[in-house]
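Here's the structure we're looking at; comments come further down.
What follows draws every value from the coordinates through simple rules; no lab data is involved. Remember, predicted model here, so these are calculated numbers, not experimental data. All Cβ positions, even for glycine, are placed from backbone atoms using ideal geometry, and neighbour counts span all protein chains on display.
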Amino acid sequence: MQIGAFECDTRCSFLFSFHSKAANLVPELPLTGLDQLWVADLTYIRLAVEFADLAVILEAFSRRVIGWALDGTLESVLTLGALRMALDARRPKPGLVHHSDRGVQYASPSTRNYLSNMVSTGAA
């Protein structure tokens, strides 16, 4: 089916993001302890006069919030703030999987560079 300049495939059960670069490792990951899988997401909170954006990171085994950031922007600085808080609090060992949706904030060059530097320097 074609609508204007867009072509739709109704057989597809998910929306593919142009920013997606990482494979989904979660289905094959059996959780046996802490800091094997962190799950990240964004939402918004309605305040009295405006909306605020919230980035949260959950540790999947314990289901506890380990990092969060609240701001008036959905830019990658928001998700990086939550990630930095989680890393400062937990100091995970190599092998941690950081799972998020395929949003532009998580696939941004600044986020990918930050994560690559953490892995290459062993700073996590």
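Quick one: what are the phi-derived ³J(HN,Hα) couplings along region 100-112, Karplus 6.51/-1.76/1.60 with θ = phi - 60°, whole Hz, x for glycine and proline?
After applying 6.51 cos²θ - 1.76 cosθ + 1.60, I find 9, 5, 9, x, 5, 5, 7, 9, 5, x, 5, 5, 5 Hz.
Which of LEU31, LEU54 comes first, and how do the rest follow, when ranked by fewest Cβ neighbours within 10 Å?
Listed from fewest to most nearby Cβ atoms, that is LEU31, LEU54.
Relative to the compact globular guide of 2.2 N^0.38 Å, what is the alpha carbon radius of gyration of region 26-101, as a ratio?
Output field value: 1.17.
Please report TYR106, TYR44, TYR114 as a ranked list, fewest other C-beta atoms within 10 angstrom at the top and most at the bottom.
TYR44, TYR114, TYR106
Put a dot 7 Å past each Cα toward the Cβ at LEU115 and VAL65; how far apart are the dots in nm?
Going from the VAL65 label point to the LEU115 one covers 2.2 nm.
Put a dot 7 Å past each Cα toward the Cβ at VAL77 and ALA48; how far apart are the dots in nm?
Rounded to a tenth, the inter-label distance reads 2.6 nm.
Can you work out the Karplus-derived ³J(HN,Hα) for every residue in region 74-88? Use 6.51 cos²θ - 1.76 cosθ + 1.60 with θ = phi - 60°, whole Hz, and x for glycine or proline.
My calculation for region 74-88 gives 9, 6, 5, 4, 5, 5, 5, x, 5, 5, 4, 4, 5, 5, 5 Hz in order.
Work out the FRET efficiency for LEU29 and ARG91 from their Cβ-Cβ distance, taking R0 = 22 Å, and round it to the nearest 0.05.
Rounded to the nearest 0.05, the efficiency is 0.65.
Taking the Cβ of each residue in GLU75, GLU28 as the centre, tally the other Cβ atoms inside 10 Å and list the residues starting with the fewest.
With the fewest neighbours first, GLU75, GLU28 line up as GLU28, GLU75.
Rounded to whole Hz and in sequence order, give me ³J(HN,Hα) for region 61-73 from the Karplus expression 6.51 cos²θ - 1.76 cosθ + 1.60, θ = phi - 60°, writing x for Gly and Pro.
Listing the rounded values in order: 5, 8, 6, 9, 6, 10, x, 7, 8, 10, 7, x, 9 Hz.
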